[in-house]
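Notes for the one structure printed next.
The values are calculated or read from the model by the stated rules, or taken from the named source; none is laboratory data. All values derive from a computational prediction rather than experimental measurement. Note that we place each Cβ from the backbone using ideal geometry, even for glycine, and neighbour counts take in every protein chain shown. Note: areas computed on protein heavy atoms with side chains; ligands, DNA, RNA excluded. Shrake-Rupley method; radii C 1.70, N 1.55, O 1.52, S 1.80 Å.
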Amino acid sequence: MSRSLSPLQTERLILRPFERSDAEALFEYQSREDIARYHFWEPRSLEDIHKKLDDWIPMTSLEGEGTCASAICLAEDGRLIGDVSLRVTDAEAGQAEIGFSLNPEFQGCGYAFEAASAYLQFGFEQRKLHRIFGRCDARNTGSWKLMERLGMRREAHFREHALFKGGWDEEFYYAILAREWRSFPDRALQIEAKPALAGGE
């Protein structure tokens, strides 16, 4: 099966490759202090985002130890509301890391869960990964609660293991195995990841 990520359509979302025209919508939330707080980057300027798009636009395949990344867009009007990514860290062992962020204006509606579920399904069913993990700042309650909703297990809590933005970093690691994902068929089928219809963006 293909390891290239075509646009995916879920019940309410379209997950598609990034485009140059996405810069303003990305700036809307990636420039915010509350969003950058738990990331390794500082609030991004519009110029920063234009530069990052040089990296993100080609991220459409998981061949080898590659990364695929998608803009999370509302199916009803195409508005970009967040981003989701999957990065293969060990191709031979089938290990990958999932990441996601959402414009605060659209948080609390289940959109991040819907997008991340589609990406987990793609990783396990299309890419045939063995294990997908995620990590977050221990203070980022929304992120680790989302990973628990996805069926991911907390595997580690690293206490004061690194300096991060002027203080000690506390980090949670979560993971889910392919067989664990498949043991919940109803949940896996809840997100129907499929090629988006032409013009659906």
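A few comments on the model shown:
- Cβ-placed point charges (K, R +1; D, E -1), dipole of the stretch 1-109 about Cα centre in debye, nearest 20: 140
- Sorted largest first by accessible area at a 1.4 angstrom probe radius, with every protein chain in place, the residues ARG182, ARG32, ARG149 fall in the order ARG149, ARG182, ARG32.
- The distance between label points at ASP34 and HIS157 comes to 2.6 nm (points 7 Å beyond Cα on the Cα→Cβ vector).
- The chain - charge dipole about Cα centre, Lys and Arg +1 at Cβ, Asp and Glu -1, debye rounded to 20: 620
- Residue (of TRP56, PHE133, ILE14) at the positive-pole extreme of the chain, dipole from beta-carbon charges: PHE133
- Only the Cβ atoms of Lys and Arg (+1) and of Asp and Glu (-1) were treated as charged; on that basis the dipole of the stretch 68-116 about its Cα centre amounts to roughly 60 debye.
- Think of a 1.4 Å ball rolled over the protein heavy atoms: the chain then has 50 Å² of accessible area per residue.
- Accessible heavy-atom area order of MET147, MET59, highest first, probe of 1.4 Å: MET59, MET147
- With the charge dipole of the chain set up from +1 on Lys and Arg Cβ and -1 on Asp and Glu Cβ about the Cα centre, the Cα lying farthest toward the positive end among the listed residues GLY123, SER101, ILE176 is that of ILE176.
- Non-local Lys pairs in the chain, i.e. 8 or more apart or on different chains, that have alpha carbons under 26 Å apart: 5
- Apolar share of the accessible surface for the stretch 1-132: 46 percent from carbon plus sulfur atoms, 1.4 Å probe.
- Helices of the chain meeting both criteria, an alpha-carbon length of 30 angstrom or more along the long axis and an average Kyte-Doolittle score not below 0.0, with helices taken as full DSSP H segments, do not occur.
- FRET efficiency for the PHE184 to HIS50 pair, using the beta carbon distance and R₀ = 35 Å, is estimated at 0.30.
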